[in-house]
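Asks: Below you will find the structure I want to go over with you.
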Amino acid sequence: MTTSSVHASTSPLTKPYSLEDWQGGNQALKEEFDYAIDNIEGEIPADLQGTLYRNVPAMLDVNGQPLHHPFDADGMICAIAFSQGQAHFRNRYVRTQGFLEEQAAGQILYRGVFGTQKPGGWWANAFDLRLKNIANTQVIYWGGKLLALWEASHPHRLDPQTLETLGIETLDGVLREGTPFSAHPRIDPGAEGRESRMVTFGLKAGLSSTITIYELDSSARVVKQHAHSVPGFTFIHDFAITPNYCLFFQNPMSFNPLPYALGLRGPGECLKFHPQRPTKVWVFPRDSSQAVQVLEVESGFIFHHANAFEQDDEIVVDSVSYQDFPAIDHKLSYRKVEFEKVPPGQLWRFHLNLNTQTTRRRLVNARACDFPYVHPARIGQRHRWIFLGAAHQAEGNAPLQAILKIDPETGEQQLWSAAPRGFVGEPVFVPRPGSRTEDDGWVLTLVYDAACDRTDVVILEGTNLSQGPLARLHLKHHLPYGLHGCFTPAIVA
Ligand code: CO
């Protein structure tokens, strides 16, 4: 990228990044590839076997018409398969109905939640409340099924090898077409006679909202389902589980549908955060015959929880909380976002006492961060380490350029930074086969390298992040910034 090299060499860098560099990762990728990765620095560990799946909102323009926000972009699934020290890359768009229609028409046909409008001004958009299932937030592999998820509607099922779209997933008819299904399932690893399960939910938001909790057994059959009504408007993206509870933090938000109905804003831009109102915490027992409890914590906005566990009379929850909803002014392009004016996500620890109905919270670390990840066997159990995408500097808000590993109890931490020209995504922790300690394994993340306008798959040593990558796998192209994904040892291409 000529422009960013010129910028870096001619401007004094007062920040650990330049906005032009960051913008390089906000270009659409329209090609679909399938190749062995042959440009590798370092060595891929021979015992790293399996596939890293990533979901990337990648169609950032439709035939040159830019989307208003990357969260509105069609999902593209990437699979990076590791076997015997080798790696293979493949990417495919999810062929949702809306994707096929828009690609055939060569123009935007649907409004987006985050402000994308059809051409023709407000008149062309008013009262068109149809949304496109864009399948762009998460991709999970469970019960032999690879599913692309978008929280407001049903999953799409894909072929785990070829990434071909197989169709809408109904979970044996449990989900009707259009049923909300969260992008944040939690895999309860099971223990002490309990089998491993996928626990997830669907949120139907309105003046009053309904949360439906689903539990799926290891063959992806729904074995438990219970619905709860939650008063008031609800915007909940993620939840946390323990062996006995599902925990939902109801962000103090309200929704004014008028600008959306009138074709002026996306529904995601009609949300208002209320800092003077507490966050409600809904505690739904997984045994649905037990009583529901509601607690309150101080106001905050949460997208993502790292983990929760039961300890004596308390439930401990580690979450990334923002002091305000990190919204962007509708009139500004997201590409011009002034990071320092947006509140940072920060890691907090919450203590919920179900006996006394009291709560307390503590800031674990002030560094801007998000995309928390814990060892898969610690989900719902007491964990020591959390891995996060984080800012290079310890204070202020900035793009995610570093991977942080932190012990919330002691504050002990390790950091690896890709600054000034690298921008990281969600870190996925993969335990080493036969590992004995919680951090014995690898952290896999995608790093957009503005210096080469391409993306690297970076493998870090879990026990020693700060030593730098064990391997950097250079892709032949860039990838736009992704959201979530998973690793499974079950699929090796
Ligand atoms: Co998320």
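Asks: Any idea which of Arg378, Arg361, Arg382, Arg432 is within 20 Å of the chain's Cα centre (by Cα) and touching a residue at least 60 places away in the same chain (Cβ under 8 Å)?
Replies: Numbers: Arg361 fails: within 20 Å of the chain's Cα centre (by Cα); Arg382 fails: within 20 Å of the chain's Cα centre (by Cα); Arg432 fails: within 20 Å of the chain's Cα centre (by Cα).
Going through Arg378, Arg361, Arg382, Arg432 in turn, just one is within 20 Å of the chain's Cα centre (by Cα) and touching a residue at least 60 places away in the same chain (Cβ under 8 Å): Arg378.
Asks: Could you please let me know if Leu295 is without any contact (Cβ under 8 Å) to a residue 24 or more places away in the chain, of a type outside the set (S, T, N, Q) and more than 16 Å from the ligand (Cβ to nearest atom)?
Replies: On the way: without any contact (Cβ under 8 Å) to a residue 24 or more places away in the chain: no; of a type outside the set (S, T, N, Q): yes; more than 16 Å from the ligand (Cβ to nearest atom): yes.
Answer is no for this residue.
Asks: Any chance the stretch 425-447 includes a residue that's under 23 Å from Pro372 (Cβ atoms), of a type in the set (A, V, I, L, M, F, W, C) and touching a helix residue (DSSP H, G or I) at 6+ places or on another chain (Cβ under 7 Å)?
Replies: Checked against the condition, which is being under 23 Å from Pro372 (Cβ atoms), of a type in the set (A, V, I, L, M, F, W, C) and touching a helix residue (DSSP H, G or I) at 6+ places or on another chain (Cβ under 7 Å), the stretch 425-447 yields at least one hit.
Asks: Only one of these is away from the ligand (no atom under 16 Å from the Cβ), among the polar types (S, T, N, Q) and within 15 Å of Phe89 (Cα to Cα): Thr455, Thr445, Thr437. Name it.
Replies: Working: Thr445 fails: away from the ligand (no atom under 16 Å from the Cβ); Thr437 fails: within 15 Å of Phe89 (Cα to Cα).
Of the residues listed, the single one that is away from the ligand (no atom under 16 Å from the Cβ), among the polar types (S, T, N, Q) and within 15 Å of Phe89 (Cα to Cα) is Thr455.
Asks: Moving to a separate point now. Here are Phe301, Phe273: which of them is of a type outside the set (D, E, K, R), closer than 24 Å to Pro372 by Cα, surrounded by 19 or more Cβ atoms within 10 Å (Cβ to Cβ) and within 16 Å of the ligand (Cβ to nearest atom)?
Replies: Details: Phe273 fails: within 16 Å of the ligand (Cβ to nearest atom).
Unique residue meeting the criteria: Phe301.
Asks: Report whether or not Ser219 is modelled with pLDDT of 95 or more, over 17 Å from Phe201 (Cβ atoms), of a type in the set (Gly, Ala, Ser) and surrounded by fewer than 15 Cβ atoms within 10 Å (Cβ to Cβ). Give the steps one after another, and end with the answer.
Replies: Values: modelled with pLDDT of 95 or more: yes; over 17 Å from Phe201 (Cβ atoms): yes; of a type in the set (Gly, Ala, Ser): yes; surrounded by fewer than 15 Cβ atoms within 10 Å (Cβ to Cβ): yes.
Yes; evaluated as a whole, the condition is true for this residue.
Asks: Sticking with this structure for a sec: Would you mention how many residues in the stretch 142-161 are among the aromatic types (Phe, Trp, Tyr) and either buried (at least 24 other Cβ atoms within 10 Å of the Cβ) or in a loop (DSSP other than H, G, I, E, B) (or both)? Walk me through how you get there before you give the answer.
Replies: Within the stretch 142-161, the subset among the aromatic types (Phe, Trp, Tyr) is 142, 150.
Then drop every residue that is not either buried (at least 24 other Cβ atoms within 10 Å of the Cβ) or in a loop (DSSP other than H, G, I, E, B) (or both), which leaves 150.
Total meeting the criteria: 1.
Asks: Look through the stretch 435-473, keep the residues that are of a type in the set (S, T, N, Q) and closer than 22 Å to Tyr53 by Cβ, and return whichever of them is nearest to the chain's Cα centre (by Cα). Can you show your working first?
Replies: Going through the stretch 435-473, the residues of a type in the set (S, T, N, Q) turn out to be 435, 437, 445, 455, 463-464, 466-467.
Going one step further and asking which of them are closer than 22 Å to Tyr53 by Cβ, we end up with 435, 445, 455.
Details: Ser435: 26, Thr445: 13, Thr455: 18 Å.
This residue is Thr445.
Asks: If you take the residues of the stretch 464-478 that are touching a Gly at 6+ places or on another chain (Cβ under 8 Å) and assigned to a loop (DSSP other than H, G, I, E, B), which of them is farthest from His237 (Cα to Cα)? Talk me through it step by step, then tell me what you get.
Replies: Within the stretch 464-478, the subset touching a Gly at 6+ places or on another chain (Cβ under 8 Å) is 469-472, 478.
From what's left, assigned to a loop (DSSP other than H, G, I, E, B): 469-470, 478.
Details: Pro469: 31, Leu470: 33, His478: 28 Å.
Step by step, filter the stretch 464-478, then rank; the result is Leu470.
Here's the yes/no breakdown for (1) in a helix (DSSP H, G or I); (2) within 21 Å of Ser208 (Cα to Cα); (3) at pLDDT 95 or above:
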site: Lys224; (1), (2), (3): no, no, yes
site: Asp238; (1), (2), (3): no, yes, yes
site: Leu247; (1), (2), (3): no, yes, yes
site: Leu264; (1), (2), (3): no, no, no
site: Trp282; (1), (2), (3): no, yes, yes
site: Val294; (1), (2), (3): no, yes, yes
site: Phe303; (1), (2), (3): no, yes, yes
site: Pro326; (1), (2), (3): no, no, no
site: Asp329; (1), (2), (3): no, no, no
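To keep it simple, each residue is scored yes or no on (1) outside any helix (DSSP H, G or I); (2) more than 16 Å from the ligand (Cβ to nearest atom); (3) among the aliphatic types (A, V, I, L, M).
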residue: Leu100; (1), (2), (3): no, yes, yes
residue: Gly115; (1), (2), (3): yes, yes, no
residue: Ile134; (1), (2), (3): yes, no, yes
residue: Ile140; (1), (2), (3): yes, no, yes
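Asks: When you check Glu177 against the structure, is it modelled with pLDDT under 95, touching a strand residue (DSSP E or B) at 6+ places or on another chain (Cβ under 8 Å) and either loosely packed, with under 15 Cβ neighbours inside 10 Å or not in a loop (DSSP other than H, G, I, E, B) (or both), yes or no?
Replies: yes
Asks: Can I ask one more? For Glu215, all conditions in the list (1) farther than 25 Å from Glu298 by Cα; (2) within 16 Å of the ligand (Cβ to nearest atom); (3) not in a loop (DSSP other than H, G, I, E, B) hold save one; what is the number of the exception?
Replies: So Glu215 meets the others, but not (2).
Asks: To continue, here is another question. For the condition of a type in the set (A, V, I, L, M, F, W, C) and surrounded by fewer than 20 Cβ atoms within 10 Å (Cβ to Cβ), what is the one hit in Leu388, Leu415, Leu404? Explain how you work it out, then say what you get.
Replies: Numbers: Leu388 fails: surrounded by fewer than 20 Cβ atoms within 10 Å (Cβ to Cβ); Leu404 fails: surrounded by fewer than 20 Cβ atoms within 10 Å (Cβ to Cβ).
Of the residues listed, the single one that is of a type in the set (A, V, I, L, M, F, W, C) and surrounded by fewer than 20 Cβ atoms within 10 Å (Cβ to Cβ) is Leu415.
Asks: Follow-up question, since we're still on this one. Which residue, of Leu158, Leu203, Leu166, Leu171, is aliphatic (A, V, I, L, M) and within 16 Å of the ligand (Cβ to nearest atom)? Before the answer, list the steps.
Replies: Numbers: Leu158 fails: within 16 Å of the ligand (Cβ to nearest atom); Leu166 fails: within 16 Å of the ligand (Cβ to nearest atom); Leu171 fails: within 16 Å of the ligand (Cβ to nearest atom).
Checking each option against the conditions leaves just Leu203.
Asks: Sticking with this structure for a sec: Against the condition in contact (Cβ under 8 Å) with a residue 60 or more places away in the chain, within 16 Å of the ligand (Cβ to nearest atom), more than 17 Å from Glu438 (Cα to Cα) and not hydroxyl-bearing (Ser, Thr, Tyr), how does His392 come out, does it pass? Reasoning before the result, please.
Replies: On the way: in contact (Cβ under 8 Å) with a residue 60 or more places away in the chain: yes; within 16 Å of the ligand (Cβ to nearest atom): no; more than 17 Å from Glu438 (Cα to Cα): yes; not hydroxyl-bearing (Ser, Thr, Tyr): yes.
So His392 does not fit the description; no.
Asks: Can you work out which of the residues in the stretch 180-197 that are away from the ligand (no atom under 16 Å from the Cβ) and modelled with pLDDT of 95 or more is surrounded by the most Cβ atoms within 10 Å (Cβ to Cβ)? Lay out the reasoning, then the answer.
Replies: Filtering the stretch 180-197 down to residues away from the ligand (no atom under 16 Å from the Cβ) leaves 188-197.
In the following step, the residues that additionally are modelled with pLDDT of 95 or more were identified as 188-189, 196-197.
Working: Asp188: 20, Pro189: 17, Ser196: 15, Arg197: 22.
Only one residue fits best here, namely Arg197.
Asks: Is there a residue being closer than 28 Å to Leu247 by Cα and touching a residue at least 40 places away in the same chain (Cβ under 8 Å) anywhere in the stretch 162-170?
Replies: Among the residues of the stretch 162-170, not one is closer than 28 Å to Leu247 by Cα and touching a residue at least 40 places away in the same chain (Cβ under 8 Å), which makes the answer no.
The values are calculated or read from the model by the stated rules, or taken from the named source; none is laboratory data. Bear in mind that the values here come from a model prediction, so they are computed numbers and not experimental data. Here the Cβ is made from the backbone with ideal geometry for all residues, glycine too, and neighbour counts use every protein chain on show.
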